[in-house]
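Step one of this worksheet: look at the structure below.
Values in this text are rule-based calculations from the coordinates and carry no lab data. Treat the numbers as computed from the prediction; the structure is a model and nothing was measured. So basically every Cβ, Gly included, is an ideal-geometry build from the backbone, and we count neighbours across all protein chains shown.
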Amino acid sequence: MIDVAVIGAGVVGGAVARELTRMGLSLTILEKNSDVAMGATRANSAIVHAGFDAKEGTLKALLNVRGSKMMESYAKELGVKYKRNGSLVVGFSDEDRATLEELLERGKKNGVEGLRILSRDEILAIEPNIGDGVTVALEAPTGAIICPYELCMASVGNAIDNGAELKLDFEVKKIEKTEGGYAVSSDSETVLAKYVVNCAGVYSDEVAALSGDDSFTVMARRGEYMLLDKECGSLVSHTIFRCPSKMGKGILVSPTVDGNLILGPTAENIDDKEDKSTTAAGLSKVRMQAGEQVKGINFGKTITSFTGLRSVGSTGDFIINEKDGFVNCAGIESPGLSSAPAIAEYVRDLLKGAGAILSEKADFCGKRKPMHYFKELSVDEKNELIAKNPAFAHIICRCELVSEGEIVVAIHTNPKPRDVDGVKRRTRSGMGRCQGGFCSPYVVEILARELGIDYTDVTKSGGKSFINVGKTKEV
Ligand SMILES: Cc1cc2nc3c(=O)[nH]c(=O)nc-3n(C[C@H](O)[C@H](O)[C@H](O)COP(=O)(O)OP(=O)(O)OC[C@H]3O[C@@H](n4cnc5c(N)ncnc54)[C@H](O)[C@@H]3O)c2cc1C
């Protein structure tokens with residue numbers, strides 16, 4: 001019997017797994033998909049929120065502010081890019097100004113440092129492309145940007161490197177109380193664990209119900225985005241939020257940590273927890289609001305659009321609790337990414353309270369190399385790497401300058417990718433302007449070679465998403 005079964009390999013499950021591994025617990029992560037970071041962690045705004053938004057005294061406020069303070073060093077240790085670019089919540093009216101004043105007070109009570117209200121002239125001095133109608137803003141210098149799926153992959157990978165196990169394609173369908181723990185089962189396998197941590201995102205209510213806990217529900221709230229070419233990435237330097245409403249923080253315009261410009265998300269409650277489609281109406285709302293906030297956005301430079309599903313819990317706060325050694329991390333909507341390292345500490349303490357014996361693992365190594373790095377190196381460093389391994393001179397993705405060397409390293413680094421999208425998320429191959437038009441066939445070849453499988457068995461994103469059926473003249 002292992003110590004802990006963590007259900008769900010998103011950014012929360014990953015951070016929890018890493019922290020508990022650090023504390024010497026034996027642990028298995030159970031993930032229903034064929035890769036990690038496939039839930040909300042894959043598609044969100046990628047902002048490390050400063051912490052002024054959540055109501056004082058809530059878990060959201062506590063863990064957001066703590067997580068935001070931890071994030072820079074957490075990301076650095078794991079080799080994940082992080083940039084403290086600061087954020088502005090912009091308002092257009094006297095009513096917005098009153099909301100921003102409230103946010104300022106709330107932020108101060110939450111312990112957020114450096115908040116201040118800016119006039120239009122002060123905004124223009126730092127963001128010359130701000131929309132003509134913007135009259136006021138709340139500045140939060142501790143706001144930051146990060147890559148969410150990279151953070152998740154790095155946390156899970158680091159946990160595996162330190163002894164944790166990852167079981168992919170393991171959909172938890174049954175949870176039974178046993179003597180001394182739980183039996184957690186998929187259709188074909190059972191894992192016995194003393195403790196269970198439920199980090200199943202939008203399905204965390206259904207997973208809790210498997211253990212007999214139906215005290216909360218989780219609803220999906222769709223958020224649609226547009227991602228623009230790197231040519232547009234420097235239009236603004238801060239994350240530009242719109243003054244919030246009941247449905248959330250509103251549309252934002254922000255540079256990403258990789259240099260693109262992201263616009264979105266919308267907020268629409270939906271019944272289908274699998275519906276990740278974008279809609280013409282949603283994207284048109286994104287365009288309209290983003291254009292009011294920031295001038296000169298070239299929407300023609302959109303390289304992709306996507307949807308993320310928030311996990312909206314029925315209590316209005318993060319639902320993080322423990323009973324009989326079963327821990328829920330549910331309703332982890334925004335600011336869940338920002339809070340992830342702090343949630344992990346909170347879960348650690350809950351397990352300690354439940355009787356888990358924690359002792360820092362003597363040989364734990366928390367450090368990890370960055371996942372994609374070649375293009376950041378100097379010419380001399382590149383040449384040195386190429387001299388050792390000529391595969392680094394073979395550029396596979398021309399848009400993002402990703403070499404074969406990096407792809408091969410990624411395929412053999414925990415958590416190991418098994419499909420084309422998995423390689424894409426780890427190396428950025430296929431994330432550029434052509435969205436994989438040129439590099440995907442090469443990535444298929446490299447995956448087939450490195451995994452020792454036929455190229456017809458390589459999938460786009462697990463399951464039956466096969467790409468090739470055979471050679472043109474043979475089929
Ligand atoms: C539109 C949008 C914008 C957001 N913007 C921000 C932001 O800017 N900043 C911020 O801090 N937060 C933001 N968030 C919130 C943040 O993305 C989430 O809080 C965070 O990703 C949640 O991580 P998680 O690990 O709890 O869930 P997920 O990433 O959803 O992971 C849950 C995992 O559990 C797995 N799973 C589910 N059921 C089972 C089962 N039965 N068996 C096994 N595995 C299972 C899933 O496959 C999935 O991999 C945003 C979210 C959305 C959707």
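Across segment 120-134, coupling constants 3J(HN,Hα) worked out from phi with the 6.51/-1.76/1.60 Karplus curve, θ = phi - 60°, read 4, 5, 5, 5, 4, 5, 10, 9, x, 9, 5, x, 4, x, 6 Hz, and Gly and Pro carry x. Share of pairwise Cα-Cα distances greater than 17 Å in segment 79-148 is 46 percent (whole percent).
Taking the Cα of K375, stepping 7 Å toward and past its beta carbon, and measuring to each backbone N in segment 399-424: which are under 12 Å? Answer for this model: 399-403. Placing a pseudo-label 7 Å from each Cα along the Cα-to-Cβ vector at S26 and N468 gives an inter-label distance of 4.2 nm.
For segment 374-457, the ratio of Cα radius of gyration to the globular rule of thumb 2.2 N^0.38 Å stands at 1.05. Pairs with C-alpha atoms separated by more than 20 Å, drawn from the list K69/K424; K276/K464; K276/K301; K81/K273, are K69/K424; K276/K301; K81/K273.
Taking a straight Cα-Cα cut-off under 18 Å and skipping sequence neighbours fewer than 8 places away in the same chain, the aspartates and glutamates within cross-link reach of K177 are D3, D187, E189, D205, E206, D213, D214, E322, D324. Excluding N85 itself, calculate the net charge of residues whose Cβ lies under 14 Å from the Cβ of N85, where each Lys or Arg counts +1 and each Asp or Glu counts -1. So the surrounding residues net to -1.
Among the listed pairs K230/K375; K60/K109; K32/K352; K60/K108; K60/K174, a Cα-Cα separation exceeding 18 Å is found for K32/K352; K60/K174.
Full extension of the chain between R449 and D94 gives 121.6 nm of extra length, using 0.36 nm per residue less the Cα-Cα distance. Per residue, the convex hull spanned by the Cα atoms of segment 435-475 amounts to 81 cubic angstrom.
Once you have the Cα-Cα distance between D363 and K109, take 0.36 nm times their residue separation minus that, and quote the gain in nm to one decimal. Extra length from D363 to K109 when fully extended: 87.5 nm. Fully extending the segment from V475 to T304, taken as 0.36 nm per residue of separation minus the present Cα-Cα distance, adds 58.4 nm. Here the Kirkwood formula, the inverse mean of 1/r across different C-alpha pairs, assigns the chain a hydrodynamic radius of 23.1 Å. Label separation (K55 vs A183): 4.2 nm, computed from points 7 Å beyond Cα along the C-beta direction.
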